[in-house]
Amino acid sequence: MSSERGLRIRGLRVSVAGNEILKGIDLDVEPGRVHALMGPNGSGKSTLAFALTGHPGYSVDGGSATLDGTDLLALAPDKRAKSGLFLSFQYPAAIPGVKVSNFLLATRNALKTDPLPPAKFRQLVFEKMDLLDMDTSFLGRYLNDGFSGGEKKRLEMLQLAVLAPKYAILDETDSGLDVDALRAVGESVGAMRDDASGKDTGFLIITHYPRILQHIAPDVVHVMLDGRIVTSGDAHLAQTIEREGYDTIREAQSANA
Amino acid sequence: MPSVAVEETRGGPSGRALAQVSARPEAAFLSAEDRQRAFERFEESSAQRERPGRYWKIDLDALDLSNYDPEIANPGNLAEVDMPPHDRVVVTDLLTASRRHPDVFRQALGSALGDAPSKFAALARAFASGGAFVYVPPGVALDAPIELNYRPRTGASFPYTLVVAGDGAQCTVVVRTVSDATGVLSCGVTEVVAGERARVDVACVQSLAPDAVAIGTCIATGSAGAFVHFCSAQFGARLAIEALEIDVDAREMDANISLLFFPRDEQHVDVLSTVEHRVGDSRSDTLVKSAASGAGQARYLGNIRIHPSAHLSDARLKDDALLLSRAAHIDSVPALEIAANDVKAYHGATVGAIDEALLFYMESRGLDPQAAERMIALGFFEPAVERFPASVRAELRDALEAKVKK
Ligand SMILES: Nc1ncnc2c1ncn2[C@@H]1O[C@H](COP(=O)(O)OP(=O)(O)O)[C@@H](O)[C@H]1O
Ligand SMILES: [Mg+2]
């Protein structure tokens, strides 16, 4: 069983509206590790996130994706979540009329077989909100409705912390965040990884800008260009990209080709 | 012989039936001539709603009501009252009100309806019996709601509720029309007369059996600074026709309308709301949340009229419709007529299915598609639900949930 653990993506090809976007992705996200997925805008990072979580607009044309041995691609989106996958959206949906507190409770109950007594649940939520510098008045607001960009991302992080998935994909969680918000997000993820509930969580942190990686140190960095992972390395790779952008990598690629 | 009396009212709310009703002592609060005039108005006037078309199947000017026999003892005519006792607030039936509070009663009854009531309001007036009279004297503020429950049985009933709030009075009135009986026609009026700076919230909740015909008119008039809020939730009946009108005919009035309706299966719901800004320095806010599933049909016409002299009126109309199946249809028309120029008027209307992006977001968090759809649909109604009096919100949410579940 342990040999099967990991989010394993092999030869994944994905198209959107008839256009092939992902041209064969191989990627392993290990439990308890932080993987960064970097790449310029339009390279296909969100497409990978949506294909893995089962967005109906993304069609998988080939390859495989398994989560701790479970064939993700055979499952409906909610079943993928139940198997332990979480996506923090680049653009979270606003759902008027649905209170944050109700949604948190409903999703937690949908995902976990051990329903928490309300008081315990509230305590858990308050703790996590504290780490994210979120006021408890958020709980009474409608989900993402009228939220600023930063508030939406904080709420995504709150859900991540409350749901404690096996694998978490964070799609551009850093974009639109100010320095304080970014630090709060980093601390929240750090606290989650220090906690028993999150120490085995594997992270895939999608970003085109390495800022967030100063707060959540990556174990591995992958670079995506035009629907392919073109190189992988350690945290130094992120620093290289910060200095030089993607051009050097792109040039090396075309020289290889 | 009682059987003769019953016999004579056969054939629905006819002229003959009216003569029968008018002759009863219980009907003495309105003269036979008054009733006759109202009945003629019903027969001669048009509902002034669109003809049947591709989706909507029922002609409101040609309703066959002949199967619904009026019966003066129908409990659908007389409200069951539920409220904490209060030594100054009056809640009684119309006949008693006409005897014990003749001045207030005479002055108020029909004052919002006017001389030319709409077709169905005229019918309700013609056959009114029993009913409910609520009088909150000047300066009295009631915290707890006054709950009036009409429980019609088979046949026609004509619940008439008259709410009079004196200057500075405050009250919340809940009017329920609720019954499991088959073969029900309920055709009622809720008339509100609000004094200066009075504050009146009235919520009408209709949940009749699936074969019923439910017709309601809510109409209000107010004095300077009065706040009036009509809430209406239409859940039951095969045909529900609801008209709400607030006449802003005094300065600094605040007129509010909140509507919820949700036809499913073959249900038809026709809703008309009208705010007449006749006098300026006034405000109105109309919020409509509707959904339809199955082959449910709804149409909504939201009139806001700002008359030429109604300077500094501030009117708002927001109308959102959610379609939950392919055969469901909601025809929604906001109609703003603005004849004054220094006014604020806003309207926004949306019609659509549940947004796929919302569904995916929720599913990706582990909710199955049905649960996600339910949550989104219930959330959709929530801004309107929260405008209803607190004492009815839970039942509204339950009713909506039952509708969504199907
Ligand atoms: N829903 C969509 N419809 C059409 N094209 C899309 C859609 N989503 C993504 N694409 C296209 O796929 C490519 C990759 O997009 P995306 O995965 O969003 O990139 P990234 O997240 O790396 O910025 C882009 O060329 C984009 O235009
Ligand atoms: Mg993206």
Close pairs (7 angstrom Cβ cut-off, 6 or more residues apart or separate chains): touching a residue at least 12 places away in the same chain (Cβ under 8 Å) in segment A:106-133, buried (at least 17 other Cβ atoms within 10 Å of the Cβ) and not in a helix (DSSP H, G or I) anywhere: A:Thr107/B:Arg365; A:Thr107/B:Gly366; A:Thr107/B:Leu367; A:Ala110/B:Gly366; A:Ala110/B:Leu367; A:Leu111/B:Gly366
Any hit, segment A:50-58, residues being within 16 Å of ligand 1 (Cβ to nearest atom), touching a Ser or Thr at 6+ places or on another chain (Cβ under 6 Å) and outside any strand (DSSP E or B): yes
Residue match in segment A:99-118 (condition: within 12 Å of chain B (Cβ to nearest Cβ), modelled with pLDDT of 95 or more and in contact with a strand residue (DSSP E or B) (Cβ under 6 Å, 6 or more places away or on another chain)): yes
Lone unmet requirement of (1) buried (at least 20 other Cβ atoms within 10 Å of the Cβ); (2) on the phi > 0 side of the Ramachandran plot for A:Leu87: (2)
Which listed residue is within 18 Å of the chain's Cα centre (by Cα), within 30 Å of A:Asp247 (Cα to Cα), surrounded by fewer than 22 Cβ atoms within 10 Å (Cβ to Cβ) and of a type in the set (Asp, Glu), from A:Asp28, A:Asp61, A:Asp68: A:Asp28
Every residue from segment B:117-173 that is polar (S, T, N, Q) and part of a loop (DSSP other than H, G, I, E, B): B:Ser118, B:Ser129, B:Thr154
Residues of segment B:282-315 satisfying the condition of being more than 27 Å from B:Glu386 (Cβ to Cβ), in a loop (DSSP other than H, G, I, E, B) and not hydroxyl-bearing (Ser, Thr, Tyr): B:Ala295, B:His307, B:Pro308, B:Ala310, B:His311, B:Leu312
Residue tally, condition more than 11 Å from B:Leu259 (Cα to Cα), of a type outside the set (A, V, I, L, M) and either crowded, with 22+ Cβ neighbours inside 10 Å or more than 7 Å from chain A (Cβ to nearest Cβ) (or both), over segment B:376-385: 1
Segment B:330-355, subset within 23 Å of the chain's Cα centre (by Cα) and within 14 Å of chain A (Cβ to nearest Cβ), residue farthest from B:Trp56 (Cα to Cα): B:Gly348
Selection from segment A:176-227 of residues that are within 16 Å of ligand 2 (Cβ to nearest atom) and outside any loop (DSSP other than H, G, I, E, B): A:Leu204, A:Ile205, A:Ile206, A:Thr207, A:Pro210, A:Arg211, A:Ile212, A:His222, A:Val223, A:Met224, A:Leu225
Selection from segment A:37-58 of residues that are under 17 Å from B:Glu363 (Cβ atoms), surrounded by 17 or more Cβ atoms within 10 Å (Cβ to Cβ), in contact (Cβ under 8 Å) with a residue 24 or more places away in the chain and more than 10 Å from ligand 2 (Cβ to nearest atom): A:Ala51, A:Leu52, A:Thr53, A:Gly54, A:Tyr58
Residues being near ligand 1 (Cβ under 8 Å from one of its atoms) and under 18 Å from A:Ser88 (Cα atoms) - total across segment A:1-41: 2
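The values are calculated or read from the model by the stated rules, or taken from the named source; none is laboratory data. Please read all numbers here as calculations on a predicted model, not as lab measurements. Heads up, the Cβs are rebuilt from the backbone with ideal geometry, glycines too, and the neighbour counts pull from every protein chain shown.
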